[in-house]
Structure formats: C-alpha cells, structure tokens
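Step one of this worksheet: look at the structure below.
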Amino acid sequence: MVVPPLVNHATPKLLARQWLQAYQYAATFVPPLILSGTISNGVLAYLATDIKLKLLYGAAALCSWCIIPVTLLYFEPNVNGAGKWKVQQLLKEEGYYMPEKKGIMPSVNVHTAKPEARKWAEVVEMRDIASLWARLNAWRFRVTALGVVLSAVATCYW
C-alpha cells in the first residue's frame, strides 16, 4: 500500500533507503508469524478427528509454510537480491556496503542476488525493483490470507 507513493515521489537514493528499511524490518516479524501459523495449524490438523478439519487446518498450515521456500528459492536470489544490489550501487558514494553471502542461509544484511539479478538491477531504476517487489509480495500476502481464512473456517466449523 505504501510503495506506490514512495515510488512516485521519492528520489532514487531515498527510495533505496526506504526499500531497504522495509525489507530488513520485515525479517523481524514475518518469520515468527509464518512459523507460529504453520505449527499451530499443523498441530490442529494432527489433533482434528474430522477429515474436513484435518484438510482445512492442513491447507492453512501449507499456505503459511509455502512462504518459506518461495522466499528462499525465488525472492532472495532474484528481486530481494536485486534490490540489495541496487541499494549498494545507489548509496556507494555515501559509504554503504553490503558483504557477500557466506554459507547457505540468506540474510537481509548480505548480498544474495544471482548474477542475472545483479545485471538486471544495474539497468533498471530502483522504482522498478521496488514496484516489482511490492507486486510479488502482494501474492505472498494473499496466500497467507487464504491460510487465515481456511483456519478460521475450520475453527468456526469445529
């Protein structure tokens, strides 16, 4: 919701700072929500005696959990990685530097972009990356909302 005004009115450097802050801040509250939603719905699916409840809670757990592989396998090496690469490019003269990823696990504080994503980031504007990031995140939010609805239906049915 806030990305369109930022994209339309912020300078590239300001947008880079704002995008990076939003991206890094999400890592503090999204993983606990995903894990708690997945675990609680998984436990409810396991404990349910009715097959409809098992399916509803199981689907809700799957909706929550599927955010993890999508994030790790698609978002990080592509749009998130491109965003971090572009931020470093834009803020380089101000001394901003982000180290390369070491090991397997990605982090919001290290580069994770594939070479193709880095090349793409170099030829597009920060507003293009931020807009794509917002559009793609909207789909993750919809999947999560579907999980919430499925869990609520199961709870009301119970």
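The values are calculated or read from the model by the stated rules, or taken from the named source; none is laboratory data. Note that this is a predicted model, so its numbers are computed, not measured. Cβ sites come from the backbone with ideal geometry, for glycine too, and all protein chains shown count toward neighbours. Just the protein is used for accessible areas: all its heavy atoms, side chains included, with ligands, DNA and RNA removed. Shrake-Rupley method; radii C 1.70, N 1.55, O 1.52, S 1.80 Å.
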* Asked: Counting only pairs 8 or more places apart or on different chains, how many lysine pairs in the stretch 19-144 have C-alpha atoms closer than 26 Å?
  -> 17
* Run a plain Debye calculation on the stretch 108-150 (Cα atoms as equal point scatterers, no solvent) and give log10 I(q)/I(0) at q = 0.27, 0.29, 0.31 Å⁻¹, rounded to two decimals, same order as the q list. => -0.96, -1.01, -1.04
* **Degrees separating the helix 81-91 axis from the principal Cα axis of the chain, which is the longest one** => 30 degrees
* Where does helix 126-157 land angle-wise versus the long Cα axis of the chain, in degrees 0 to 90, nearest 10? -> 10 degrees
* Structure fact -> Quick tally, 1.4 Å probe accessible area for PHE29, PHE141, sorted with the most first, runs PHE141, PHE29
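Taking the mean number of other Cβ atoms within 10 Å as a proxy for protection, how do you rank 48-55, 37-44 from highest to lowest? Show your work: numbers first, answer last.
On the way: 48-55: 13.0, 37-44: 17.8.
Highest mean packing first, the order is 37-44, 48-55.
Throw me the Rg/Rh for the chain, computed over C-alpha atoms with Kirkwood Rh, two decimals. Kindly include the intermediate steps, with their values, before the conclusion.
On the way: Rg = 18.4 Å, Rh = 17.0 Å.
Computed over Cα atoms, the ratio is 1.08.
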* Can you send over the solvent-accessible area of TRP85, 1.4 Å probe, protein chains only, in Å² to the nearest 10? => 40 Å²
* Asked: Per the 1.4 Å probe, what fraction of the accessible area of the chain, in percent, lies on carbon and sulfur atoms?
  -> 69 percent
* To do: Calculate the spin-label point distance for LEU14 paired with ILE104, positioning each point 7 Å from the Cα along the beta-carbon direction, and give it in nanometres.
  => 4.3 nm
* Point-charge dipole on Cβ atoms (K/R +1, D/E -1) for the chain, about Cα centre, debye to 20 -> 80 debye
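Under the 0.36 nm per residue contour assumption, what length would be gained going from the current alpha-carbon distance of TYR96 and LEU136 to full extension? Present the calculation step by step, with values, prior to reporting the outcome.
Values: separation 40, 0.36 × 40 = 14.40 nm, distance 2.63 nm.
The TYR96-LEU136 span can extend by a further 11.8 nm.
Please give the per residue accessible area of the stretch 21-126, computed with a probe of 1.4 Å over protein heavy atoms only, in Å².
On a per-residue basis, 58 Å².
What is the sum of charges around TYR74, taking Lys and Arg as +1, Asp and Glu as -1, for the other residues whose C-beta is under 11 Å from the C-beta of TYR74?
Numbers: positive: LYS114, ARG140; negative: GLU76.
The answer is +1.
Multiplying the sequence separation of GLN89 and SER36 by 0.36 nm and subtracting their Cα-Cα distance, what value in nm do you get?
On the way: separation 53, 0.36 × 53 = 19.08 nm, distance 3.63 nm.
Net length gain for the segment: 15.5 nm.
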